[in-house]
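Only one structure is covered here, and it is reproduced in the block below.
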Amino acid sequence: MLAGPIQELVDELGRLPGVGPKSAQRIAFHLLEAPKDEALRLAASIAKVKEQIRLCSRCFNVAETEICSICADPRRDPAVICVVEDPRDIVSVEKTREFHGTYHVLGGALNPIDGVGPEQLRVRDLLNRLGNDHDHKIAEIILCTNPNLEGEATAMYLARLLSPLGLRVTRIASGLPVGGDLEYADELTLGRALAGRHEMAG
Amino acid sequence: MGTFRDEGVVLRTIKLGEADRIVTFVTPEHGKVRAVAKGIRRPKSKLVGRLEPLTHVTMMCWKGRELDVVTQAEVLDHFRGIRDDLDRMPAAFTMLETVDHLAVERQPMPALFKTLVGALRVLEERASPVLLGAFLLKALTLEGIGPVVASCASCDEDAPLVAFDAHSGGFLCRSCRSGQAVSAETVRLVRQILGGELRAALAAPPSRATAEVERLATSATEYHLDRRLRSAHLSSGFG
């Protein structure tokens, strides 16, 4: 139907997440009609990402250099490690501006049904980080995995593994979203919100 | 097409698009149901927290052609005792995985559903070493593919049974033996489980026999499903 190269582009775009055949066609024709430098800029940035981005050798965040910008930042507290499932979770935590420590990316969560066990995650690398604290003593590990079944199982597994090592192991709190409504809160979340209530000074 | 209501236990979920998930349930009246939970990955969704795996819910769905759509869900049981205990979770995962493979879409399976909910309740209350094995054997029997336990599966002789082979379909006597060797206690436990004395079997303390029951039940399940139960093999490395 379409000329070879454009059909090829449609097929490639259609492989992207959330892009169906119709959207792929729309994007392909947009690129075809767009100024040449704009389209090539996209091509160049895809090439750049694939060539220049790698994983930080310390925390496994995406990085341009051997050590990511967070691990390399002297203002960050290396004694506190926030354990997350995915580099995208780092973005979410960073947006809060509440955390000034460093991270560790596991690369997923325990999921027995899909065959993801501790060996498939970067658990050993985390333990190695604790073991060879050549420069800093690690004081606290914050378990910041998703509050779903897999994330909770991962947090419990890590807590069991880490707590004998004599450091502070904490789990992020679970509660109601700001602007939410008690009426629509599920029992598990509301129950945890109650269990984790805190004193209020009037 | 319209809507339908049913109870269900969430077996697994997979991400779909930006904020949705496809949730797989097992239900008594509609068998396995795969339904889209729209917007469930947003923290303020009215479905959030209700459709995690290992949740017993009552729900309402729009019937779709391929996938249904969950419109409402209310939790009947979160099984917190399992959820908060790393040691009980592997057995629960294995049960969910098995049911996911046994259940057929849109084919009522009230007995399998009841067995699953019952087994999860028992798992939440106490840690019986034969629970997982008992669940698997019961589930296979409900599907009509349970093992032969009364006499030798190969020669039908009423001789003492000394081995279990999923390929032969059950326990075997000394002259036909193949597969896994089992003790007389194991045979007795399996007969109790399938013979209406489940309660007595569940009270058995951990022993070599209870470990054998779990092993033979897992191998029989894997043989009939023609696939490995991933969660059963990971459980040993869990914690």
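What nm value, rounded to one decimal, do you get for the distance between B:Ala159 and B:His233 when each label is placed 7 Å out toward the C-beta?
The two pseudo-label positions are separated by 3.3 nm.
Which value, in nm² and rounded to one decimal, describes the direction-averaged projected area of the C-alpha convex hull of region A:4-52?
Convex hull of Cα atoms, orientation-averaged projection: 3.7 nm².
Can you give me the convex hull volume of the Cα atoms of chain B, divided per residue and expressed in Å³?
Cα convex hull per residue, to the nearest whole number: 128 Å³.
Please build a GNM for chain A, connecting alpha carbons under 10 Å apart, and tell me which residue among A:Ala159, A:Ala173, A:Ala44 fluctuates the most.
Between A:Ala159, A:Ala173, A:Ala44, it is A:Ala44 that shows the largest mean-square fluctuation.
For chain B, modelled as a GNM with alpha-carbon contacts under 10 angstrom, which of B:Ala139, B:Ala220, B:Ala19 fluctuates the most?
Taking springs between Cα atoms under 10 Å, the residue moving most is B:Ala19.
How large is the charge dipole for chain B, taken about the Cα centre, if only the Cβ atoms of Lys, Arg (+1) and Asp, Glu (-1) carry charge, to the nearest 20 debye?
Result for chain B is approximately 780 debye, rounded to the nearest 20.
Dividing the Cα convex hull volume of the protein assembly as shown by residue count, how many Å³ per residue is that?
227 Å³
Checking a compactness column here: for region B:137-179, what do you get for Rg(Cα) / (2.2 N^0.38 Å), N being the number of residues?
1.09
Taking a ≥ b ≥ c as the square roots of the eigenvalues of the Cα gyration tensor of region B:43-132, is the shape rounded (a/c under 1.5), prolate (a/b larger than b/c) or oblate?
Cα axes put region B:43-132 in the oblate bin.
Give the share of C-alpha pairs in each 5 angstrom bin for region A:68-202, from 0 to the last occupied bin, in whole percents, shortest bins first.
Answer for region A:68-202: a P(r) of 2, 9, 17, 21, 19, 16, 9, 5, 2, 0, 0 percent.
Using a Gaussian network for chain B with springs between C-alpha atoms less than 10 Å apart, which of these wobbles most: B:Pro90, B:Pro205, B:Pro110?
Looking only at B:Pro90, B:Pro205, B:Pro110, the biggest GNM fluctuation is shown by B:Pro205.
Put +1 on the Cβ of every Lys and Arg and -1 on every Asp and Glu Cβ in region B:128-233; which of B:Ala181, B:Pro147, B:Ser231 then has its Cα farthest towards the positive end of the dipole?
B:Ser231
How large is ³J(HN,Hα) for each residue in region A:162-171, as worked out from phi by the Karplus curve 6.51 cos²θ - 1.76 cosθ + 1.60 (θ = phi - 60°), to whole Hz, x for Gly and Pro?
8, 4, x, 7, x, 10, 7, 10, 10, 10
Are there any trypsin sites (Lys or Arg not before Pro) in region A:80-128 that are in a DSSP loop and have at most 14 other Cβ atoms within 10 Å? List them by number.
Taking region A:80-128 and a limit of 14 other Cβ atoms within 10 Å, the loop trypsin sites (Lys or Arg not before Pro) found are A:Arg97.
How far apart, in nm, are two points set 7 Å out from the Cα along the Cα-to-Cβ line at A:Met200 and at B:Ala111?
Taking the simple label geometry, A:Met200 and B:Ala111 are separated by 5.5 nm.
Can you sort B:Ile193, A:Ile67 by 1.4 Å-probe accessible area, starting with the largest?
Ranked from most to least accessible, the order is A:Ile67, B:Ile193.
Please report the base-10 log of the normalised intensity I(q)/I(0) for region B:3-79, using a Debye sum with one equal scatterer per alpha carbon and no solvent, at each q in 0.11, 0.15, 0.25 (1/Å).
Here log10 of I(q) over I(0) equals -0.22, -0.41, -1.22.
Go through B:Lys15/B:Lys38; B:Lys32/B:Lys63; B:Lys32/B:Lys114; A:Lys95/B:Lys15 and tell me which ones have a Cα-Cα distance over 18 Å in this structure.
Pairs exceeding the cut-off: A:Lys95/B:Lys15.
How much of the pair distance distribution for region B:128-233 lies past 23 Å, counting alpha-carbon pairs only, in percent?
Summing the P(r) tail past 23 Å for region B:128-233 gives 18 percent.
The values are calculated or read from the model by the stated rules, or taken from the named source; none is laboratory data. Computed from a predicted model, the values in this text were never measured in an experiment. All Cβ positions, even for glycine, are placed from backbone atoms using ideal geometry, and neighbour counts span all protein chains on display. What goes into the accessible areas is simple: the full protein's heavy atoms, side chains included, and nothing from ligands, DNA or RNA. Shrake-Rupley method; radii C 1.70, N 1.55, O 1.52, S 1.80 Å.
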